[in-house]
Amino acid sequence: MAGVLALGPMGTAVHAQGGIPLVRDAETEALMRDYAGPIFDAAGIARQQVDIVLVNRNDFNAFVADARRIFINVGVITDAETPGEVIGVLAHETGHITGNHLVRLRQALANAQIIAVIGAVLGAGAVVAGSSSGSSGVAQGGAGALTAGAGLAQRSLLAYRRGEESIADRAALTFLQKTRQSARGMLKTFARFADQTLFSAQYTDPYAQSHPMPRERLTQLETVARQSPYWDAPEDPQLQARHDMVRAKLIAFTAHPNTVARDYPRSDSSLPAEYARAVVTMRTRSRKEAVAAIDKLIRRQPDNPYFHELKGQALLESGNPKAAIAPFRQALSLRPREAQFQIWLGFALVAANDNSLLPEAEKILKAGLQVDENSPIGYSQLAIALGRQGKTAEADVATARGLMARGDFEAARRYAARAQKNLKRGTPAWLQADDIVSYKPPKLPGRS
C-alpha cells in the first residue's frame, strides 16, 4: 500500500493536507490487501487499482475519496475481533466505488473544506512524514500520538444519501457471496451503528454518522444475508491468526501500556500477546530489553519478516542504525518485494554514517521508491545519500520529490528549478525536475 503515502514502520505517522493523519505498516497493509483482493476481484476491480490507506485514528471509520483509495482507521482493525468484520467494511466501501457514488457526491458538495481534502489526496500524495514524537528524525515511541483535525473530513466526506448506502450494502453482500464468505462480520459491525443511531446524542463513531444504519435497513440486510449459502461459513483460520497478530500490534502501538497489560497479561503466552508486549517494551523500556523481547518472538517464528523489521526499528530508533542493518536485511530477504523494508534498510545504511555504504543505500532506496513513489522519508534519505556522494543536483531532485509528496509544491519547485540548472537537458533526473516545475495543483472551490 504502489502506495500514496510516506513510508515507515508502524509508529511513523504521516499527515495529509486537509488534516487526515496517516500511518504506514507493511504487515497491516499486506493483511488489508489480502482481505480486499477477493472482494475487488468479485467487483471487477483490478487489485492494483485501489490502495487501502491506514488512517492513524482509534475511532471506527472508513471512507472512500475517489475510485483509487479506501481509507480505513486503525480503530476499525483494533475493534474487530474477526477478519469478517473488517472485510465487510471493505466490501461496503467497494460498493460505493462500483456504484460511482463519489461522482454524484462531488456534484452535490458545496463545502470547500471537504473538497480541499479530496483535492489534496488526489494532488501528489500530499503527505508529510513525521514521528509520533514530533521530531524530524527517526520516529520515536510508537503510533500513539494521534493527530486531531480529521474529524470534520471523516464525518462529512461520505454523508451519502441512504439510497446509496443501501446500494453499497447489497453490493457488499454480492461480493461476499461471490467469494464464498459469510456476511456475519459485516452485520455485526452494522448492528453496532444501528444501535447508535437510536440515540443521536450518543454518536461516538464517525462511521455511524457518515453511514447511517436505521434498524429497518439492518433487518432487511440481515434477511438477505441469511439467505446466502455461506452465512455459516467459518472464518479462514490463517486470516484469523494474522488478524490477531496485527490487532495486537496496533493496540500495542496506539494504546496506553496499561491497556495493553490488561488486554495481554503475562499469563497469556500466545504469540499475539507476546507481540503486543514486545512492542510496548520497545516503546517504554531500554533497547536491551526491547531487543531481548523481540528476539524471543524471532525464536518462535524465525521466518516472520515483521519480527525482524520490528527489531530493526527498535535498533534504529534507539540510535544504533548500524546494528539495524542486519535485521532489515533479514526482513527484506524474507519478503524481497516489500518497498517499506527496502526504504528502511536504506535509511539504516545512510544513518550508519559510513560513506562506503552510500552506493548501496542509493541503489536500494531508488528500488523502494520505484514501487512506492510517494515516500517523503525515502526521498529525504536518498537526498542525503546522493549529497554525500557529491551528486548535488540529483540530491535536489530527490528533495523536490519528497517535498511534492509532503504537499509543499512551492518549495518543491524551487529545488527542482535549481536542480535543472545543473542537469543535462533530457536526462531522467532533468525530466523529473521538469515535471515538478510544471506541476499545477488542482484548483479547489472557494480558492483563487
Once Arg192 and Asn422 are pulled to full extension, the length gained, defined as 0.36 nm per residue separation minus their Cα-Cα distance, is 76.8 nm
Total charge of the residues flanking Val224 in space, meaning their Cβ is under 10 Å from its Cβ, with Lys and Arg +1 and Asp and Glu -1, is 0
For Val50, Val437, the accessible-area ranking with a 1.4 Å probe, largest leading, is Val437, Val50
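When the solvent-accessible surface of protein heavy atoms is calculated with a 1.4 angstrom probe, in what order do Glu27, Glu81, Glu235, Glu216 fall, highest first?
Working: Glu27 15, Glu81 105, Glu235 65, Glu216 130 Å².
Reading off the accessible areas and sorting them downward yields Glu216, Glu81, Glu235, Glu27.
How do Ile97, Ile20 stack up against each other in accessible area, from largest to smallest, with a 1.4 angstrom probe? Spell out each step's value before the answer.
On the way: Ile97 25, Ile20 0 Å².
From most accessible down to least: Ile97, Ile20.
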With R₀ set to 35 angstrom, the calculated FRET efficiency between the beta-carbons of Thr284 and Ser333, to the nearest 0.05, is 0.70
Taking 0.36 nm per residue of separation between Gln389 and Arg300 and subtracting their Cα-Cα distance, the length gained on full extension comes to 27.9 nm
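Let me make sure I get this right: for segment 233-284, a, b and c are the square roots of the gyration tensor eigenvalues over alpha carbons, sorted descending. Under 1.5 in a/c it's rounded, otherwise prolate if a/b > b/c, else oblate. Which is it?
Working: a/c = 2.43, a/b = 1.98, b/c = 1.23.
Note, shape of segment 233-284 comes out prolate.
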If the chain between Glu360 and Arg170 were fully extended at 0.36 nm per residue, the gain over the current Cα-Cα distance would be 63.3 nm
Inter-part gap, Cα centre of segment 392-421 to Cα centre of segment 270-323, in whole angstrom, is 36 Å
For segment 322-334, Karplus-derived ³J(HN,Hα) couplings (6.51, -1.76, 1.60; θ = phi - 60°; whole Hz; x for glycine and proline) come out as 5, 6, 6, 4, 4, x, 5, 4, 5, 4, 5, 5, 7
For the Lys322, Val224 Cβ pair and Förster radius 56 Å, calculated FRET efficiency rounded to 0.05 is 0.45
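Could you tell me whether segment 380-441 comes out rounded, prolate or oblate from its Cα gyration tensor? Rule is a ≥ b ≥ c as square roots of the eigenvalues, rounded for a/c under 1.5, then prolate if a/b exceeds b/c, otherwise oblate. Numbers along the way, then the final one.
Numbers: a/c = 2.18, a/b = 1.19, b/c = 1.83.
Note, shape of segment 380-441 comes out oblate.
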Partner aspartates and glutamates whose C-alpha sits under 16 Å from that of Lys421, ignoring same-chain residues fewer than 8 away, are Glu394, Asp396, Asp434, Asp435
Carbon and sulfur atoms account, in whole percent of the 1.4 Å probe accessible area of segment 283-336, for 49 percent
Quick shape check on segment 344-448: root eigenvalues a ≥ b ≥ c of the Cα gyration tensor, a/c under 1.5 is rounded, otherwise prolate if a/b tops b/c, else oblate, and it reads prolate
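The values are calculated or read from the model by the stated rules, or taken from the named source; none is laboratory data. These numbers come from a predicted model, not from an experiment. Neighbour counts are summed over all protein chains in view; Cβ atoms, including those assigned to glycine, are modelled from backbone coordinates with ideal geometry. To get the accessible areas, we keep the full protein, side chains included, count just its heavy atoms, and leave off ligands, DNA and RNA. Shrake-Rupley method; radii C 1.70, N 1.55, O 1.52, S 1.80 Å.
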